[in-house]
Structure formats: structure tokens, C-alpha cells
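I have placed the structure first, in the form of C-alpha cells, so that the comments after it can refer back to it.
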């Protein structure tokens, strides 16, 4: 089946699930024959290993029972004539037929599977009635990775979070399996995500004020961003900043005042530490912990936000993200974290900003939030928003 025919069939299977006005920029289907060959080859190798281990184990075990290993054939023949073993023998004999039936079923599913990139989401659909296997919006695509498989095909993998609740949701893998020209497909997905990111930045221009009257300051944050630790994005930046101590330093005695989550892995955490101080030299020396010895890529020993002095250090780290079910294969996803420390009255305010490397518009939005920092009069106990 040629690429044009695959696209035509894919569009036909996608049609029942497309929303009004939704436009398809790419569609395709897996090369089912290659998936079938791969599964058969994997099974043959696995059965060969099991058979070899079983054979040599049997030869080593039978002499302990006083049975000559040369008489294994006659022993097995005697066992097969035992009526008590009739059911197990029949089960073993039926296994090849069950395996063939499963192969035919899987092949049928692969032939009826269609993939698409639309102006709203990534889609995997099972035809002909258009059952949606999974659907991902651009804010849930943490990274795009190509796993080349030969013959001009490969897998294009996306990492996100499975549906659930709470701050520790299960990450899972979404894949366009065995598609032709996977590099071109991956490039189109990245371009699609970047365009949606630009739109998200424009949509984040609306701000709302969060005031901390007991501490004497206020911030303006994007109106649509979520507060709290729960996120369904699954990106490296969220993974890092969801930790109680994002930079692996001692935060004993500090209080977490704010946690914000935006699109495309953009995150902001604000901690306040009375008394003890974290110095610029200590910030530069941060290493180990969850960041695995990050590289310092930018530093400012003296920084002023409005009239408030401080300093900042920017790190780059690589977060391991699973590419296959079972987490046997991973990709290193670059994430940048910037810590901005401001000295405000008798407090040290620590802003920790996180974004996926390459998404500079998200960095700009995060830094704009810090730049809105405004000292106010202390007027009431307890923060409020």
C-alpha cells in the first residue's frame, strides 16, 4: 500500500471523530506488515531461548532422578500416554493456534489504525467506526522522539500523563507506530506544538494579581495558569518543580507560598525563608539530588527587580523520560531551571522557574511574572489571592 493510499484510508477512518471545523494537517497509518514481522521475529527468538533453557535444564535435572538423559525421548513418550497429563498436553498443543489467532487479531487492528495531526490535537483512531484510542492536546506533549526501525519507517513517540488525579500521576507513552518517513512526521509535530505555544503565550497576556499582604508584596500572574501541585502535563519541568526541594538544597524552615503551572511545561515555585540565607556561591554550587549535577548556563551575582535586590542562577539538566512501556528505553529531555533570589524585608524569596529547553517564549512569560514583584504595605495576617 502506497503512502497516498494510506493517507486516503486514514482520512476515511478519522472522519467520524473530527470535531466541527477541525483541520487535518497530516494523516497516516502504520505499515502493518512490518509490525507483524517484528512480532513474529520477537516471538521466535523468545521461544528459541525458552526451548534451549528447558532442554538443557531437563538434561541436567533428570540424572538426579536416576533417569539416563539418553532415554529422554522414551520418557516423554511415556508421559504423553498418561491420561492424567491429557489436558496439559492438549493445552500445549493448542498454544500455536491461539498464537496465530492473536497475530491475526493484532494485524487486523494495525490495518484499521489511523494517526493524525490536526490543528487541535494528535489522534490515534481505530476504524472503521472511529474509536479514539488516544488524543493529546499540544500542552500535553512533553517531547517528540523518533525511533528509527529501518526500511524508511519508524516510531514517533510522545510522552504525557495518563488520566488520573493527584500530583503523582502515571506517565505513559503515546506512539505513531511504524509510520513512513518518521523524521518528517516528527518535524511536523514539533512545528505544530511551537505554533500552539505562540498562541498560548498570546493568550497568557491577561493577568491577575496575587497579594501577600502579611508579607508585604504582590505579583501579577497569567490569568489562566493553575495554582497548586497538580498537573496533567507530564513534562520534565513539572517533574522537577513538583519536588518539595526543586534544586536539591536544604529548605528547612522555608514556606512554599505559590506554585504555578502553565502550558508546555512552564512552572513557577515561590518559597520564603526567614532568617537563614542562601548565598550566590551556594546557588552556583548546587548539584546532585534530582538534578544530577546540572550545568550552570547563566548567572547574575547582582540583580534588581524594581527596587528589590537579589541574584539569579540558571541551570540546565536532562530529565530521563520513558520511550517504551515498561520504561526500558528512555530519552534525555533538556530542561532549564532558573532560581531568582530576592531579599525582601527580613525574608529571602526564592523563585524557581522551569521550562523545556528551546521554549524561550515560556521563559519570557515566567520572568515577566517575577518582574511584576511589587513591595506593598503589611496590612493583614496570612496570604490571600
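How would you classify the range 177-230 from its alpha-carbon gyration tensor, with a ≥ b ≥ c the square roots of the eigenvalues: rounded for a/c under 1.5, else prolate if a/b is greater than b/c, otherwise oblate? Here the range 177-230 falls in the prolate category. Packing around the peptides 306-312, 210-216, 177-183, 121-127, taken as the average count of other Cβ atoms within 10 Å per residue, puts them in this order, highest first: 121-127, 177-183, 210-216, 306-312. Highest average first, the peptides 369-378, 16-25 ordered by how many other beta carbon atoms sit within 10 Å of their residues are 369-378, 16-25. Label separation (residue 45 vs residue 205): 5.4 nm, computed from points 7 Å beyond Cα along the C-beta direction. When peptides 297-304, 8-15, 111-118 are sorted by average Cβ neighbour count within 10 Å, with the highest value leading, the order is 111-118, 8-15, 297-304.
Counting neighbouring beta carbons within 10 Å and listing from fewest to most, the residues 192, 26 come out as 26, 192.
Each of 110, 134, 355 was scored by other Cβ atoms within 10 Å of its Cβ. Listed from fewest to most, they are 134, 110, 355.
Bear in mind that the values in this text are calculations on the coordinates, not laboratory data. Every value quoted in this text rests on a predicted model; they were computed, and no experiment measured them. With ideal geometry, Cβ positions are generated from the backbone for all residues, glycine too; neighbour counts draw on all protein chains shown.
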